[in-house]
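The values are calculated or read from the model by the stated rules, or taken from the named source; none is laboratory data. All values reported here derive from a predicted model rather than from experimental measurement. Positions of Cβ are generated from backbone atoms using ideal geometry, with glycine treated the same way; all protein chains shown enter the neighbour counts.
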Amino acid sequence: MEENKYICPECGSEMMAVYEKPALNLTCPKCGCKIATTKWEDIDLDDTTYKIFLKPNRSPGTESIKFISKITGLNYINSRKLLENGGLISEEKAVEIKKQKIDLDLNNIKYTIEPMFPY
Ligand SMILES: [Zn+2]
């Protein structure tokens, strides 16, 4: 993440920033001045609904099937069909999509996201 510098309005020293999502808390090490602000990242402000599509996989593993079942709420057989044929598994905002994307990668499941997912 890019580090921005924050200058204390009281004494002009560089403030220490502690980012506790979504609040950014600034403390001046010199005079003790504190500022709490809110910092939103692009992904938090993105109102686009993204869709995750599975790529067809002729022989999905048991772990993949269980994982897809967990995400979609489908039973084992339908989850396997979805993996074999490919298809839509998720329609969410960017923040959720990012979490699912990480899980899909961890489970080695191939997918595409529409529209193009920039995070
Ligand atoms: Zn200060």
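As a summary of the residue check, GLU114 satisfies the conditions (1) under 18 Å from ASP42 (Cα atoms); (2) surrounded by 15 or more Cβ atoms within 10 Å (Cβ to Cβ) except for the one numbered (2). Which ones in the range 4-29 are surrounded by 13 or more Cβ atoms within 10 Å (Cβ to Cβ), aliphatic (A, V, I, L, M) and within 14 Å of the ligand (Cβ to nearest atom)? Selection gives MET15, ALA17, LEU26. Remark: GLY32 matches the filter, which requires a residue to be on the phi > 0 side of the Ramachandran plot, within 16 Å of the ligand (Cβ to nearest atom) and of a type in the set (Gly, Ala, Ser). Checked against (1) surrounded by 12 or more Cβ atoms within 10 Å (Cβ to Cβ); (2) modelled with pLDDT of 90 or more; (3) closer than 15 Å to ILE109 by Cβ, CYS33 passes all but condition (3).
Within the range 43-56, being in a strand (DSSP E or B) and of a type in the set (S, T, N, Q) holds for one residue alone: THR49. The residues listed here are LYS70, LYS55; of these, the one that is more than 28 Å from LYS21 (Cβ to Cβ), within 22 Å of the chain's Cα centre (by Cα) and surrounded by fewer than 16 Cβ atoms within 10 Å (Cβ to Cβ) is LYS55. The residue pairs whose first member lies in the range 81-105 and is not assigned by TED's automatic domain parsing to the domain that holds TYR50, whose second member is surrounded by fewer than 18 Cβ atoms within 10 Å (Cβ to Cβ), and whose beta carbons are closer than 7 Å, counting only pairs six or more residues apart or on different chains, do not exist in this structure. Every test in (1) more than 24 Å from LYS21 (Cβ to Cβ); (2) of a type in the set (Asp, Glu); (3) without any contact (Cβ under 8 Å) to a residue 12 or more places away in the chain is passed by GLU114 save one, and that test is (3).
Listed by position, the helices (runs of 4 or more DSSP H) contained in the range 57-119 that have at least 2 residues being out of contact with any Phe, Trp or Tyr (no Cβ under 9 Å at 6 or more places or on another chain) and among the basic types (Lys, Arg) are 76-85. Pairs meeting the criteria (first residue in the range 23-36 and farther than 11 Å from PRO9 by Cβ and free of Cβ contacts under 8 Å to residues at least 60 places away in the same chain, second residue hydroxyl-bearing (Ser, Thr, Tyr) and more than 10 Å from the ligand (Cβ to nearest atom), beta carbons under 9 Å, at least 6 apart or on different chains) are ALA23/THR37; ALA23/THR38; LEU24/TYR6; LEU24/THR37; LEU24/THR38; ASN25/TYR19; ASN25/THR37.
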